[in-house]
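In what follows, a single structure is set out as structure tokens and then discussed.
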Amino acid sequence: MLDLPRFTAAAVQTAPVYLDPAATVDKAVALIHEAARNGASLVVFPEVFVAGYPYWNWTMTPVQGSPWYERLFRAAVDVPGPYVDTLCAAARQTGTVVVIGVNERGPHSLGALYNTLLIIGADGELLAAHRKLVPTWAEKLTWTQGDGSTLRVHRTAVGPLGALACGENTNPLARFTLLAQGELVHAACYIALPVAPEDYDMAEAISLRAAAHCFEGKVFTVVSCSTISPEMADLIADGDPQVRKQLARPRNALSGVFGPDGRPVTEPLVDEEGVVYAEIDLGRCIQPKQMHDIVGHYNRFDVFRLRVDDRPLRPLSFPQEEA
């Protein structure tokens with residue numbers, strides 16, 4: 001008899017301790033323990049939660065923002081490394097699956113910084129470090145592209161789990177790649193984006209993306225988005241009242257859990273800090289799949305083919321390594 005997991009998911013919406021990886025990891029560990037005490041088996045954190053997003057790419061010229069890049073690089077995380085070990089220990093101690101975004105320092109170059117999602121199993125094992133495939137718009141000033149080697153679905157205690165960072169959730173081929181591997185639980189990690197064009201509603205955009213993935217794939221999505229603390233806004237604005245006002249713009253963050261019908265499982269959290277808890281029953285994915293399964297009977301694999309290059313990108317290789 002098929003026994004699909006039923007569990008509580010926690011979607012964290014909060015701000016990092018900006019550009020302070022040690023304090024931000026401590027904050028994440030405390031939230032993991034808090035969520036576990038509240039019954040959560042899956043805890044999802046925002047994109048680049050450790051230790052913050054490069055908002056200066058949107059508010060400064062590249063030359064003005066360059067010293068800020070250095071600050072971010074110095075505050076980035078090595079994978080593997082001690083901060084990752086601390087997060088893995090928290091997952092193991094609480095028996096929770098954890099997804100959390102970090103700025104990952106490239107091991108081979110001072111110019112390589114990655115937007116990375118860590119996926120940690122309930123036993124504390126680091127299952128994956130997924131690097132965002134394409135930095136979005138102004139983010140290209142900071143992050144290096146990832147590759148297809150970590151575009152994988154992981155068998156976890158809460159079921160088949162995949163994760164994408166922010167704009168990747170608008171990439172239909174990336175999403176299909178996860179769905180076609182049997183994904184039933186999707187982690188979608190975002191940052192608050194008050195620096196977008198004035199007619200762009202980030203909260204609505206996040207909701208639309210989550211609903212689309214859930215409805216198309218008949219899966220659950222746990223959305224986690226960061227917020228911008230007043231301290232962060234003051235630091236980034238650096239005395240500019242227009243930038244300070246922009247960073248306080250409403251409807252720039254949304255977190256919550258969406259079901260296989262595309263609807264929120266419980267009321268999402270908009271802008272405010274907090275943790276959204278929701279019950280997930282993967283058995284709810286079965287009947288919708290019978291009706292419309294884009295990775296099964298409702299597709300034509302004789303007509304459509306998707307080829308994914310899952311080889312890791314490396315700056316060089318030596319002949320003996322290729323033998």
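The values are calculated or read from the model by the stated rules, or taken from the named source; none is laboratory data. Note that the structure is a prediction, hence the values are computed from the model and not measured. Cβ coordinates were reconstructed from backbone atoms using ideal geometry, including for glycine residues, and neighbour counts include every protein chain displayed. Surface accessibility is based on the protein's heavy atoms, side chains included, excluding ligands, DNA and RNA. Shrake-Rupley method; radii C 1.70, N 1.55, O 1.52, S 1.80 Å.
What is the spin-label model distance, in nm, from ARG307 to THR170 if the labels are put 7 Å beyond Cα along the C-beta direction?
2.8
Ordering PHE45, PHE215 by accessible area with a probe of 1.4 Å, largest first, what comes out?
Largest accessible area first, the residues go PHE215, PHE45.
Counting pairs of alpha carbon atoms under 8 Å apart in space and at least six apart in sequence, what relative contact order in percent does the chain give?
Computed value for the chain: 20 percent relative contact order.
Nearest 10 degrees, 0 to 90: what angle lies between the long axis of helix 62-74 and the longest principal axis of the chain (Cα atoms)?
The angle comes out at about 70 degrees.
Taking only Cα atoms and a 10 Å spring cutoff, compute GNM fluctuations for the chain and point out the largest among HIS108, HIS33, HIS130.
Ranking HIS108, HIS33, HIS130 by mean-square fluctuation puts HIS108 first.
Determine the calculated [θ] at 222 nm for the chain from helices alone, applying -39500 (n - 2.57) to every DSSP H run no shorter than 4 residues and normalising by the residue count; nearest 500 deg cm²/dmol.
About -8500 deg cm²/dmol.
Grab the beta carbon distance between MET291 and GLN181, set R0 = 25 Å, and tell me the FRET efficiency rounded to 0.05.
0.75
Run the dipole for the chain about the Cα centre, Lys and Arg Cβ at +1, Asp and Glu Cβ at -1, nothing else charged, and hand back the magnitude in debye, nearest 20.
Charge dipole, the chain, about its Cα centre: 540 debye, nearest 20.
At a 1.4 Å probe, what is the % contribution of carbon and sulfur to the accessible area of the chain?
54
When the chain is fully extended, how far beyond the present Cα-Cα distance does LEU316 get from GLN242, taking 0.36 nm per residue of separation?
Gain in length upon complete extension: 22.1 nm.
Please give the FRET efficiency for LEU208 paired with LEU110, using the beta carbon to beta carbon distance and R0 = 30 Å, rounded to the nearest 0.05.
Plugging the Cβ-Cβ distance into 1/(1 + (r/R0)^6) gives 0.20.
How much accessible surface area, in Å² rounded to 10, belongs to the heavy atoms of MET202 with a 1.4 Å probe?
MET202 exposes around 0 Å² with every protein chain in place.
Once a ≥ b ≥ c are taken as the square roots of the eigenvalues of the Cα gyration tensor of the stretch 192-271, is the result rounded (a/c under 1.5), prolate (a/b larger than b/c) or oblate (a/b not larger than b/c)?
Taking the square roots of the gyration eigenvalues as a ≥ b ≥ c, the stretch 192-271 is prolate.
Compute the Cα gyration tensor for the chain, then decide on rounded, prolate or oblate, letting a ≥ b ≥ c be the square roots of its eigenvalues: rounded whenever a/c is under 1.5, prolate when a/b is larger than b/c in the other cases, and oblate in all that remain.
rounded
Over the stretch 1-114, what is the percentage of antiparallel beta bridges among all DSSP beta bridges, to the nearest 5?
Counting DSSP beta bridges with both partners in the stretch 1-114, the antiparallel share is about 20 percent.
Just subtract the alpha-carbon distance of ARG155 and ASP199 from 0.36 nm times their residue separation and send over the number in nm, one decimal.
Gain on stretching ARG155 to ASP199: 11.9 nm.
To the nearest 10 square angstrom, what accessible area does GLU216 show with a 1.4 Å probe?
Solvent-accessible area, nearest 10 Å²: 70 Å².
Amide H neighbours of ALA157 under 5 Å, at least 5 residues apart or on other chains, H built in the peptide plane: list them.
ALA122
Could you tell me the extents of the stretch 199-323's C-alpha atoms along the three principal axes, largest first, rounded to whole Å?
Largest to smallest, the principal-axis extents are 58, 51, 28 Å.
Pulled fully out, how much extra length does the chain show between TYR298 and ARG6, if you take 0.36 nm times their separation in residues and subtract their Cα-Cα distance?
That works out to 102.5 nm of additional length.
Under Stokes-Einstein, with the Kirkwood radius over Cα pairs standing in for Rh, what whole-number D in µm²/s applies to the stretch 117-260 at 20 °C and 1.002 mPa s?
132
How much FRET efficiency would the formula 1/(1 + (r/R0)^6) give for ASP85 and ALA23, where r is the Cβ-Cβ distance and R0 is 25 Å, rounded to 0.05?
For ASP85 and ALA23, the calculated efficiency is 0.90.
Please sort 247-259, 189-201 by packing, taking for each peptide the average over its residues of neighbouring beta carbons within 10 angstrom, highest first.
Packing proxy ranking, top to bottom: 247-259, 189-201.
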